[in-house]
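Written below as structure tokens is the structure these notes are about.
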Amino acid sequence: MQKSLHIIAGILFLAGLAVLQGCTSHQNIKITDKPEITGVAIPVIMQPDSTVLVLGDYFLHPKSIDSVFTDKSISWRISPDTSELTLTPEGKTGTVPRVSVMKVWIDGFCYSLLLEKSRKIWQHISFNPKDKKYKKVEIAGEMNEWTIGRTPLHLKDGIWQTDLLLFPGKYQYKLVVDKKWILDPGNPESVDNNIGGVNSVLRVGNINPPGAPGLFTTKAEKDKITIGIKNKTKEIFVFWQNYQLDEKFCKIDSTGLKITIPGNAGSIERSFLRVWAFNASGTSNEILVPLEAGRVITDPSKLTRADKQAMIIYFLMVDRFRNGDPKNDAPLKDKEIDNKLNFQGGDLTGIVQTLEKGYFQDLGVSTLWISPITQNPKDGWKEYPAPHRKFSGYHGYWPITLTTIDPRFGTPDDLKELVKQAHGSNMNVLLDYVSNHVHQDSKIFKDHPDWVTPLILPNKKKNIRLWDEQRLTTWFDEFLPTLDLTKPEVCGMMSDSALFWVKNYELDGFRHDATKHIPEIYWRTLTKKLKNQVVIPDNRSIYQIGETFGSRDLIRSYVNPGELDAQFDFGLYFDARTVFARENASFKDLNYSLQESFSYYGEHSLMGNITGNQDLARFISFASGALSFSENDQKAGWDRDIEVKDTAGYGRLAMLQAFNMTIPGIPVIYYGDEFGMPGAGDPDNRRMMRFDNLTPQEKKVKETVSKLAHLRSSSMPLLFGDFKSLETSDKTYVYMRTYFDKVVFVIFNKDKSSRKIDVEIPDRFIGARLINQFGSDAKLEKNKITVNLKANSFEILTN
């Protein structure tokens, strides 16, 4: 029978954790020193009809499952080979609770997984052709990855119509009538698509329903924490990792929810408490509290590089960063290859020298992501699209081999020294790894031409850059055959090769190229090998982040315990780029986008929040007006020199950096963005790094970014705190992050003139002594903060 307070908790061993001797005298729970789940299992988002869980994503030994328990409104069935578990709503889906728990028993131990009911709702789409006749009408947009042929409308009673099952949120789209793309004439809402056009906007449901519970941490004691609750709750769920905990650990009184930390937590170096709640209106935010040996971490200096939430990533392209060893320089001697497209001398030794100079440490980053370093071709190749420019493989994304280092980048000893130096500075190193394809000169392709997907489709069309139409088979170019990773021998070879880099060089994880173009069997195979051969036996923390351009629904589908830790949140980046770079864009849109990301990935995800990357024109070029959103940014880089046009762009860049550094997720700085290096699209966005002769404006931005990074690393609210928007208008934006008695207020003004901003603060912080970190005029009177902000600026207030 359901109870009014439903308390579930659990414990797991995270990568890199040690089991300590002894435990406290407090109430213990039954646990095992060899848990079936590696890491913290994120909630399972159910589908409206049936949900299929790959059990190997969660459990090391699915065949050992003894029994399963779910809410009475959900039935379950395990496949004969115990590889999958199917969850199906019993009767009407309305009887399924918004949040429930599935308990799984293995060898006498009970593990609990949180189940979230699908938030998808039916949305009617209609188009009135009036007096016009059409043979075919369909919709293409963010709800179907802009793919023609996927969502047709049907003519009924003179109206073209269909019904779509969608998550609440905003979707850009167009109607395609007899192959012609048009705005929806029946929908007055549209938006600039930032590439010179306009799209219609479909709004579905409410991503942040009023009346839903709100949770926040209020008090941390020796062995207890208190959670504040806004709005009534129907049920509350508390997890201490993944083992069941009964109600004697949790009590509700007038101050909120009091949680007693299990005594067993004292024997675990790092574990986590998590809390959710729901009521008739909706589901709450998530609470995440890190523990060290059973005590709440309030001092960020106790965090290590194994704590993924504390990472700040710096992405650099090896060839374009620093030339540390001119002896290995070998640019291609080919007049058809422009200097922008040739090797420029950057290498692993250059990164080591930068570490030795303390550049990364001074900047405040904690993780280096380096571009691919495997052997690339020694000659140039012309790209398939016009104007068919000839490139070298300076970028590293055309692998000839899988486990050898291109000598133009360095040697195995150079990589080992890089990792050694980074680890000695408490920094991680991630390798950009290419699993999707190889170069046609690769011995793999020459020996096994049948190991790749078809270049020519049945309709005789070339299968090149059909990003969504042929998502899992398309080639990036004629000379880059896509590997068929559904073949066991191919999947095994590529995953073993990736494992080689982690085991032989002690790397801390991967950035995975072209994630959405690779079948999920590969990600599961690789992650299982990493768990069994590195994470568990070596007690190491491995972080994997993927690259997927697409909808949030598609992006999230790869993020689970059996595949990837995270992906880059491109949807949020594109909205942030628009709002911070364009004067007429509203902070209301950015706040909405951030809330959408929370609804898909959670409030404490490990998603990457980028300033840019090697495929996108530099933010500063848009923000300073040097580039227009309506032009072809790649062509612009060839037609003219792109520099900073309006110095107001530096303030806008600083605001973007402040946003990334103060929201949940992992900040990712693209090299050069720490000071505002300009550039159009690829390859102009890959200029050689500049360390010296920065302008006064560039120095100021770099100092700001460094201060932001160090502030984030020293602030528990910014690493693990709850998030709440306080005030949002077209030109101003205020939110806060709280962690028990600590608070951070973040205030933005994107107007062209100064603004006086008044914000009411929660009662529990009335009387707090606030420090204005960036020197703005700020006052706290009773329950109101007043801040005077200059144009295109921000302030961060901390207690």
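The values are calculated or read from the model by the stated rules, or taken from the named source; none is laboratory data. Nothing here was measured: the structure is a model prediction, and the numbers come from that model. Positions of Cβ are generated from backbone atoms using ideal geometry, with glycine treated the same way; all protein chains shown enter the neighbour counts. Calculation scope for accessible area: heavy atoms of the full protein, side chains included, ligands and nucleic acids excluded. Shrake-Rupley method; radii C 1.70, N 1.55, O 1.52, S 1.80 Å.
For the chain, carbon and sulfur atoms together expose 50% of the accessible surface, with a 1.4 angstrom probe and every protein chain in place. Over segment 63-218, accessible surface divided per residue gives 52 Å², non-protein components excluded, 1.4 Å probe. Computed from the C-beta positions of residue 156 and residue 327, the FRET efficiency with R₀ = 51 Å rounds to 0.10. Please state the shape class of segment 171-318: rounded when a/c is under 1.5, otherwise prolate if a/b exceeds b/c and oblate if not, all from the C-alpha gyration tensor. Taking the square roots of the gyration eigenvalues as a ≥ b ≥ c, segment 171-318 is oblate.
Pairs of C-alpha atoms in segment 595-741 farther apart than 24 Å represent 38 percent of all such pairs. Per-residue extension of 0.36 nm, minus the Cα-Cα distance of residue 459 and residue 771, leaves a gain of 105.8 nm for this segment. Cross-link check: pairs 179/462; 645/752; 335/378; 224/308; 30/219 evaluated at a Cα-Cα cut-off of 18 Å; pairs beyond the cut-off: 179/462; 224/308; 30/219.
Partners of residue 588 within straight-line reach, counting aspartates and glutamates whose Cα lies under 16 Å from its Cα and excluding those fewer than 8 residues away in the same chain: 189, 192, 575, 596, 727, 730, 751. Shown in residue order for segment 540-548 are the 3J(HN,Hα) couplings computed by the Karplus curve 6.51 cos²θ - 1.76 cosθ + 1.60 at θ = phi - 60°: 10, 8, 10, 10, 10, 10, x, 10, 9 Hz (x for Gly and Pro). Loop-located GluC sites (Glu not before Pro) in segment 62-166 (DSSP state other than H, G, I, E, B) with a sparse environment of at most 16 neighbouring Cβ atoms within 10 Å: 90. For chymotrypsin sites (Phe, Trp or Tyr not before Pro), the sites in segment 626-718 that DSSP calls loop and that have at most 14 other Cβ atoms within 10 Å are 691. With both labels modelled 7 Å from their Cα along Cα-to-Cβ, the residue 538 to residue 799 distance reads 4.4 nm. The residues of segment 253-323 expose on average 26 square angstrom of accessible surface per residue, using a 1.4 Å probe on protein heavy atoms. Annotation for segment 608-678 versus segment 506-528: alpha-carbon center distance of 28 Å.
Here's the list of lysines a cross-link from residue 756 could span, going by alpha-carbon distance under 16 Å and ignoring same-chain residues fewer than 8 apart: 731, 779, 784, 790. Accessible surface calculations at 1.4 Å, restricted to protein heavy atoms, place segment 494-534 at 28 Å² per residue. For the chain, the 222 nm mean residue ellipticity estimated from helices alone, with every DSSP H stretch of n ≥ 4 adding -39500 (n - 2.57) and the total spread over all residues, rounds to -5500 deg cm²/dmol. Derived scalar couplings between HN and Hα for segment 347-357 equal 7, 5, 4, x, 5, 4, 4, 5, 4, 5, 6 Hz in order, rounded to whole Hz, by the Karplus curve 6.51 cos²θ - 1.76 cosθ + 1.60 (θ = phi - 60°), x for Gly and Pro. Placing a pseudo-label 7 Å from each Cα along the Cα-to-Cβ vector at residue 628 and residue 253 gives an inter-label distance of 6.6 nm.
Let me check I've understood the local charge: for residue 401, count other residues with C-beta under 14 angstrom from its C-beta, Lys and Arg +1, Asp and Glu -1. What total comes out? Within the 14 Å Cβ shell, the charges total 0.
Computed over the chain, the convex hull of the alpha-carbon atoms projects to a mean area of 34.9 nm².
What does the net charge come to around residue 106 if you take all other residues with beta carbon closer than 10 Å to its beta carbon, with K and R at +1 and D and E at -1? That sum, taken over residues with Cβ under 10 Å, equals -2. Computed from the Cβ-Cβ distance with R0 of 25 Å, the FRET efficiency linking residue 753 to residue 727 stands at 0.85.
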